[in-house]
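Read the structure below first, then the notes.
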Amino acid sequence: MIEVKELTKRYGRRYAIDGLSFSIQRGEVLGFLGPNGAGKSTTMKILSGFIYPSTGTAKIDGFDVREDALAAKALIGYLPEQPPVYMQMTVTDYIDFAAGLRHVPSQARKEAIQYALKRCGLLDVQSRIIGNLSKGYRQRVGLAQAIVHNPPVLILDEPTVGLDPKQIIEIRDLIRELGQDHTIILSTHILSEVQVLCSRVIVIDSGKIRAQDTISGLAAKLKNRRQVRVIVRVTGSAGSNDDSFRDSIGVLQGVDLVERQESDEMLPKDLLTEANIQLWHVESSKEKDMRSEIAKSSIASGFELLELRELEMSLEDAFVKLIDQDEASEVSHA
Amino acid sequence: MLDALWIARREFRSYFASPIAYIVIAVFLFLIGYMFFNLLGYFQGQVQSFMRMSQGPKPTVTNLIVSPLFGNINVVLLFIIPFITMRLFAEERKEHTAELLLTAPVSPLQIVVGKFLAAYALVSLMILGTTACSLTLIFASNVDKGVLLGCYVGILLVAAAYIAIGLFWSACTENQIVAAAATFGSLLFLWLVAWGAHHAGYFWKEVLEQASIIVHFNSFARGIIDTNDVIYYLVLVGLGVFGAYTTFDANQWGNS
Ligand SMILES: Nc1ncnc2c1ncn2[C@@H]1O[C@H](COP(=O)(O)OP(=O)(O)OP(=O)(O)O)[C@@H](O)[C@H]1O
Ligand SMILES: [Mg+2]
């Protein structure tokens, strides 16, 4: 349904997106995930035909967004980052205008407007001036505008931003419902949103695709590491060298990373003030539980072992790590 | 062309959602009304002195009222139209509604034409207000109706050209003040360009006079509808609309 090849968008000498390729099947709900400035909105603006790519192609159901712009645009509903509303119009007038722009035939228009208003929970405010509505309601008006002509493809740029928790749940329900008979591409910063809404996710950062997988696949990939938190007291026999713990644990088979942490919120207060307390994070691969070996090894090296705990890595942590890692590897390649 | 009309309809209504349409129409009609009454008074004075002295050309309504009145309408439009056109695209950019228009299956040319039509409808409405003066003349005097008709055709063409130029500038910048100033500057230049003709060589004299908005208006004010003049204004309209279209489409707002 959507086919993107080597898509690049340059602003001056900077690349907002750089060689994106992906495709979306009919009926899929795809999540676009990435930090600020990753290029999510840029990609969506290109797909919607609002801006042209610098190089590369994007096709909606076979229609190139540049060459067959009108045919491609006829297939989409688009909610931009800022809802594109006319502040002085009433909600109904505005949705009517949007429906006319999308060539909803005039016999069907009234029904289409009612449908969109109802689905976005706007019936109560339908005759109000949009400029007088709250931000969340304007966001809903923006969403109603995108679905009023019942397009096969929906492009939603951060659809739940600015909504209160109750509205977020309602809008997510709406998107899930729409997802049953629409192809949807949505962007977000919120991992859990992707988890509940999307069948597949593309992680994008600095204009490049970092990962592209189903939610469960991504979660597995992200969580294929174990992290152990260790608190030790350095005693005379352990050697005063700061790195002696790293040296003794780092040699263990299966340990990938030994990292000194300053302190964290879980560290007991009384330990914080003690000078020879050290907090370490030890990372290893998923397969092997390293805890007993770490314990043995640290005691053998003369440390007093105060705590040893496996950390549950949240999807969020894992996601941040994924992006950090990729950035680091990029630097080393450069 | 239906898309253009649909866009024009919204745009036209939005003029009335803010004070701008009311202010512009009120200012215009007040100025024209004031000028009209002064011209009437001036004409009466001229007729009386002609009756006393019986010399010189006989003062006519057509020469002493209609021609100067439409000359004045032209001047007032020159000042007012930049304020009508400056918001056309600038506001869509500021409010992010450009994304609604440009992602709908509507060609950018339709959008530009729609904007043009909306502004033109507003200005036509203003000009329609001046028929109060014209009807007064028609009923109360033996005014030359051909000249009057020529004046209306002329002023409608001039207004279209002004609007097209304003449309172009509003597509070029998102700053309304800049758009208005650039429009006013270009229009004023097209007025004054014939001044250069006085001390120009034969070829340039011809070129400068042909470029002047005011030279082409003169024959309409005498009741002559010359295809040459009509074409001049239509070319300006075409250039303005096309210029707005290419700026708007090539830029693709936010692409720059
Ligand atoms: N009009 C523009 N001119 C110059 N640079 C731009 C322009 N629009 C976007 N960029 C740059 O392109 C990059 C990608 O921006 P984009 O808006 O696509 O990010 P995003 O992933 O949507 O971020 P966010 O999560 O903050 O919405 C950013 O570095 C941004 O500064
Ligand atoms: Mg964005």
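The values are calculated or read from the model by the stated rules, or taken from the named source; none is laboratory data. The structure presented is a predicted model; accordingly, all values stated were derived computationally and were not measured. Glycine gets a Cβ as well: all are built from the backbone with ideal geometry, and neighbour counts include every protein chain shown. Side chains included, ligands, DNA and RNA excluded: accessible areas come from the protein's heavy atoms. Shrake-Rupley method; radii C 1.70, N 1.55, O 1.52, S 1.80 Å.
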Q) Filter the stretch A:20-38 for residues that are buried (at least 23 other Cβ atoms within 10 Å of the Cβ) and outside any strand (DSSP E or B); which is farthest from ligand 1 (Cβ to nearest atom)? A) A:Gly34
(Q) Condition first: of a type outside the set (Ser, Thr, Tyr), part of a loop (DSSP other than H, G, I, E, B) and over 22 Å from A:Arg176 (Cα atoms). Now tell me which residues in the stretch A:114-127 satisfy that. (A) A:Gln126
Q.
Conditions first: (1) open to solvent by 40 Å² or more (accessible area, probe 1.4 Å); (2) aliphatic (A, V, I, L, M); (3) at pLDDT below 80. A:Leu306 passes all but one, so which condition is the exception?
A. (3)
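Give me the residue from the stretch A:39-54 that is more than 16 Å from ligand 2 (Cβ to nearest atom) and either basic (Lys, Arg) or open to solvent by 20 Å² or more (accessible area, probe 1.4 Å) (or both) and, out of that set, nearest to the other protein chains (Cβ to nearest Cβ).
Of the residues in the stretch A:39-54, the ones more than 16 Å from ligand 2 (Cβ to nearest atom) are A:49, A:52-54.
Next, from what is left, pick out any that are either basic (Lys, Arg) or open to solvent by 20 Å² or more (accessible area, probe 1.4 Å) (or both): A:52, A:54.
Numbers: A:Tyr52: 6, A:Ser54: 9 Å.
Out of the qualifying residues, it is A:Tyr52.
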Q) Going through the stretch B:6-40 one residue at a time, which ones are open to solvent by less than 20 Å² (accessible area, probe 1.4 Å), of a type in the set (Phe, Trp, Tyr) and either within 30 Å of B:Pro105 (Cβ to Cβ) or within 10 Å of chain A (Cβ to nearest Cβ) (or both)? A) B:Tyr15
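What do you reckon, is A:Ile17 within 16 Å of ligand 2 (Cβ to nearest atom) and either out of contact with any helix residue (DSSP H, G or I) (no Cβ under 9 Å at 6 or more places or on another chain) or open to solvent by 20 Å² or more (accessible area, probe 1.4 Å) (or both)?
Judged against the criteria, A:Ile17 is not a match.
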Q. Taking the condition of a type outside the set (A, V, I, L, M), within 16 Å of ligand 1 (Cβ to nearest atom) and more than 10 Å from chain B (Cβ to nearest Cβ), does A:Thr57 pass?
A. no
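Within the stretch B:239-256, take every residue that is open to solvent by 40 Å² or more (accessible area, probe 1.4 Å) and at pLDDT 85 or above and give me the one that is farthest from ligand 1 (Cβ to nearest atom). Spell out how you get there, then give the answer.
Of the stretch B:239-256, the ones open to solvent by 40 Å² or more (accessible area, probe 1.4 Å) are B:239, B:242, B:245-246, B:250-251, B:254, B:256.
Applying the additional criterion that residues be at pLDDT 85 or above yields B:239, B:242, B:245-246.
Values: B:Leu239: 28, B:Phe242: 25, B:Tyr245: 21, B:Thr246: 19 Å.
Looking at the filtered set, the residue picked out is B:Leu239.
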Q: At least 2 residues that are at pLDDT 75 or above, closer than 21 Å to A:Glu310 by Cα and basic (Lys, Arg) in each: list the strands (runs of 3 or more DSSP E) lying fully within the stretch A:191-272 that qualify.
A: A:225-233
Q.
Quick check on my filter: what residues within the stretch A:98-107 are facing chain B (nearest Cβ under 7 Å) and among the hydrophobic types (A, V, I, L, M, F, W, C)?
A. A:Ala98, A:Leu101
Q | First in the stretch B:52-68 and on the phi < 0 side of the Ramachandran plot, second anywhere and of a type in the set (Gly, Ala, Ser) and in a loop (DSSP other than H, G, I, E, B), Cβ under 7 Å, 6 or more apart | A | B:Val61/B:Ser141
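Where in the stretch B:94-195 are there helices (runs of 4 or more DSSP H), lying wholly inside it, with at least 1 residues that are away from chain A (no Cβ under 14 Å) and surrounded by 19 or more Cβ atoms within 10 Å (Cβ to Cβ)?
Working: elements: B:98-102, B:108-129, B:131-140, B:145-172, B:176-192.
Where helices (runs of 4 or more DSSP H) fall fully within the stretch B:94-195 and carry at least 1 residues being away from chain A (no Cβ under 14 Å) and surrounded by 19 or more Cβ atoms within 10 Å (Cβ to Cβ), they are B:108-129, B:131-140, B:145-172, B:176-192.
Residue by residue through the stretch A:84-97, note down the ones that are in a helix (DSSP H, G or I) and either facing another protein chain (nearest Cβ under 8 Å) or open to solvent by less than 10 Å² (accessible area, probe 1.4 Å) (or both).
If the condition is that a residue be in a helix (DSSP H, G or I) and either facing another protein chain (nearest Cβ under 8 Å) or open to solvent by less than 10 Å² (accessible area, probe 1.4 Å) (or both), then A:Val91, A:Tyr94, A:Ile95, A:Phe97 are the ones that fit.
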Q.
Residue pairs, Cβ under 6 Å, 6 or more apart or interchain, first in the stretch B:169-183 and more than 13 Å from B:Pro82 (Cβ to Cβ), second basic (Lys, Arg). List them.
A. B:Glu174/B:Arg93
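Could you identify the single residue in A:Glu111, A:Glu67, A:Glu81 that is surrounded by fewer than 16 Cβ atoms within 10 Å (Cβ to Cβ) and either assigned to a loop (DSSP other than H, G, I, E, B) or within 16 Å of ligand 1 (Cβ to nearest atom) (or both)? Write out each step before concluding.
Numbers: A:Glu111 fails: either assigned to a loop (DSSP other than H, G, I, E, B) or within 16 Å of ligand 1 (Cβ to nearest atom) (or both); A:Glu81 fails: surrounded by fewer than 16 Cβ atoms within 10 Å (Cβ to Cβ).
Just a single option satisfies the conditions, and that option is A:Glu67.
Would you mind stating whether B:Gly41 is modelled with pLDDT under 90 and in a helix (DSSP H, G or I)?
Numbers: modelled with pLDDT under 90: yes; in a helix (DSSP H, G or I): yes.
Yes.
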Q.
I'm trying to understand the selection: among the residues of the stretch A:55-64, which are open to solvent by less than 10 Å² (accessible area, probe 1.4 Å) and either part of a loop (DSSP other than H, G, I, E, B) or of a type in the set (Val, Ile, Thr) (or both)?
A. A:Ile60
Q. Tell me, which residue of the stretch A:4-16 that is assigned to a strand (DSSP E or B) and within 7 Å of ligand 1 (Cβ to nearest atom) is farthest from the other protein chains (Cβ to nearest Cβ)?
A. A:Arg14
**Q.** Total residues in the stretch A:182-217, condition among the hydroxyl-bearing types (Ser, Thr, Tyr) and within 16 Å of ligand 2 (Cβ to nearest atom)
**A.** 3
Q) Of all residues in the stretch A:151-181, which are within 14 Å of chain B (Cβ to nearest Cβ), open to solvent by 10 Å² or more (accessible area, probe 1.4 Å) and more than 16 Å from ligand 2 (Cβ to nearest atom)? A) A:Pro152
(Q) Suppose the filter is under 21 Å from B:Ala98 (Cα atoms) and within 16 Å of ligand 1 (Cβ to nearest atom); does A:Asp157 pass it? (A) yes
Q) Of the residues A:Leu33, A:Leu20, which is in contact with a His (Cβ under 8 Å, 6 or more places away or on another chain) and away from every other protein chain (no Cβ under 11 Å)? A) A:Leu33
